[in-house]
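First, the structure itself, so that you have it in front of you.
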Amino acid sequence: MTANKNKKNILISPLHWGTGHATRIQALARELKKRGHRIIIASPPALHKIFDSSLYDEITCIWSPRVSYPRFLPLYLGVLVQLPLLFAAFLYDSYMSRVLIRRYDIDILISDNRFGMRGRKVHSIFVTHQPRVIVPYPFAFAGSAVSAIHRWVASGYDECWIPDLPGTANLSGLLSHECRLPPATRYIGILSRFSPAAKDTEPCAGNAGETGRPGSGSSQPFTLAIMSGPEPQRSILEKIIISQKDKLPGRLVIVAGSPGERTGDTAEGVTRHDWLDGTSLRRLMCDAGFIICRPGYSTIMDLFALDRTACLVPTPGQPEQEYLAGYMSSGYGFAGISQSELATAVSIEPPANTRAENTDWNAESRMLMEKALDGLFRIQPSSAT
């Protein structure tokens, strides 16, 4: 490759709150790498296996707290208890961002919801899908204040990028629409590692939600359960789904979402994978007759990129997921069910693939992404110290 005077050193750091931020940020890394930039990933070791090695030049280890949800206490109380740890992570990120900027001569820093990861002397971008934060019911009175704090954090960056589409046809609803936005905010389209810009990632063949999808390579219908999010709720949902496997169509295939090595049958009619690479997971998502998963925003973007729908089971007490499950069920072809309802359901029916909006999500996303990244070429490198 010939030398490119516009080549920039770009540091990308995702939040470690589950794996969703790490999976979605790969779409940005892929496009920047294609443009000839040098990509450095900063993440905790637990996320390293998730990143495709072809998408970065270097990957470096940084600490990140493992946020967990309480088993018996309300979720918001568990998060409040961990606030000192989260504040320590903010201070650590503020320090490490300066170290990494000097070490790698960084020109552009992209932080996916890591509040402290920012550089004053480099062009810094904050990626978030929720300028409006939905808080638990007991603290509803503080929702405006919490959202204002989040916008204030984002306003400390040169740009705020929202992985969604503008207008009424969008995936995040009130989380990033019909609300005040930070300065220099732009929508950059759906961020998914399965976006059609990637190799072998065209939308799935056949109609979403179809059992025995034609041309998919799967002759037998099966249900795919994708686990995500912090423990212990991840394991609790997995146990509920296994207990209800006789009510699901076909064989049950579980992707636990925790990078490990164990794969195989865990019970009659159940195949379990601790973790799968992107290519293998995409194949399962295309082949499955029925998908059941958490309504994490990154998971929803992956489903839209592949033109699939799913039954969405929000994490109990997590208001963002509860909102998204309802929002996706109102005209986007998804179905929502609470975890307690799933545990006692007499029957579980796949959602109908009927979407009210006639939108080419992937085409519009490509256009928005190109527009955002074109602007990066016009940024002059600065000498960080």
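Would you point out the residue of segment 166-199, among those that are out of contact with any Pro (no Cβ under 9 Å at 6 or more places or on another chain) and under 29 Å from Gly317 (Cβ atoms), that is surrounded by the most Cβ atoms within 10 Å (Cβ to Cβ)?
Among them, the one singled out is Arg193.
Among all residue pairs at least 6 apart or on different chains, which show Cβ distances below 7 Å where the first residue, located in segment 319-347, is in contact (Cβ under 8 Å) with a residue 24 or more places away in the chain and the second is of a type in the set (Val, Ile, Thr) and outside any loop (DSSP other than H, G, I, E, B)?
Leu324/Ile300; Met328/Ile300; Gln339/Ile240; Leu342/Ile240; Ala343/Ile240
Is it the case that Ser347 is assigned to a helix (DSSP H, G or I) and either surrounded by fewer than 12 Cβ atoms within 10 Å (Cβ to Cβ) or modelled with pLDDT of 80 or more (or both)?
Answer is no for this residue.
Right, another one. Which condition number in (1) surrounded by fewer than 22 Cβ atoms within 10 Å (Cβ to Cβ); (2) small (Gly, Ala, Ser); (3) at pLDDT 90 or above is the one that Ala140 fails?
(3)
Restricting to segment 101-112, name every residue that is within 21 Å of Ala22 (Cβ to Cβ) and crowded, with 21+ Cβ neighbours inside 10 Å.
Within segment 101-112, Ile101, Ile106, Ile108, Leu109, Ile110, Ser111, Asp112 qualify.
Quick check on segment 116-137: of everything there that is open to solvent by 40 Å² or more (accessible area, probe 1.4 Å) and farther than 20 Å from Ala42 by Cα, which residue is farthest from the chain's Cα centre (by Cα)?
Per the stated criteria, the residue is Tyr137.
Within the set of pairs 6+ apart or on separate chains, which have a first residue in segment 231-260 that is within 18 Å of Glu341 (Cβ to Cβ), a second that is open to solvent by 50 Å² or more (accessible area, probe 1.4 Å) and of a type in the set (A, V, I, L, M), and C-beta atoms under 9 Å apart?
Listed by first residue and then by second, the contacts come to Lys247/Val346.
Of all residues in segment 77-89 being farther than 24 Å from Pro316 by Cβ and open to solvent by less than 80 Å² (accessible area, probe 1.4 Å), which is farthest from the chain's Cα centre (by Cα)?
Ala88
Another question about this same structure. Output the residues belonging to segment 91-100 that are open to solvent by 50 Å² or more (accessible area, probe 1.4 Å) and more than 21 Å from Thr19 (Cβ to Cβ).
Leu91, Tyr95, Arg98
If we keep just the residues of segment 255-278 that are open to solvent by less than 30 Å² (accessible area, probe 1.4 Å), over 15 Å from Cys293 (Cα atoms) and in contact with a Phe, Trp or Tyr (Cβ under 8 Å, 6 or more places away or on another chain), which is modelled with the highest pLDDT?
Going through the qualifying residues, I end up with Gly278.
Here's a follow-up. Select from segment 331-341 the residues that are part of a helix (DSSP H, G or I) and open to solvent by 30 Å² or more (accessible area, probe 1.4 Å) and list them in ascending order.
Those that are part of a helix (DSSP H, G or I) and open to solvent by 30 Å² or more (accessible area, probe 1.4 Å): Ser340, Glu341.
Sticking with this one: Out of the residues in segment 22-57 that are over 19 Å from Ile188 (Cβ atoms) and small (Gly, Ala, Ser), state the one that is modelled with the lowest pLDDT.
Ala46
The values are calculated or read from the model by the stated rules, or taken from the named source; none is laboratory data. For clarity, every value in this text was computed on a predicted model and none was experimentally measured. Glycine also receives a Cβ, built like all others from the backbone with ideal geometry; neighbour counts cover every protein chain displayed. Ligands, DNA and RNA are stripped out before the accessible areas are found, and what is left, the full protein with its side chains, is counted by its heavy atoms. Shrake-Rupley method; radii C 1.70, N 1.55, O 1.52, S 1.80 Å.
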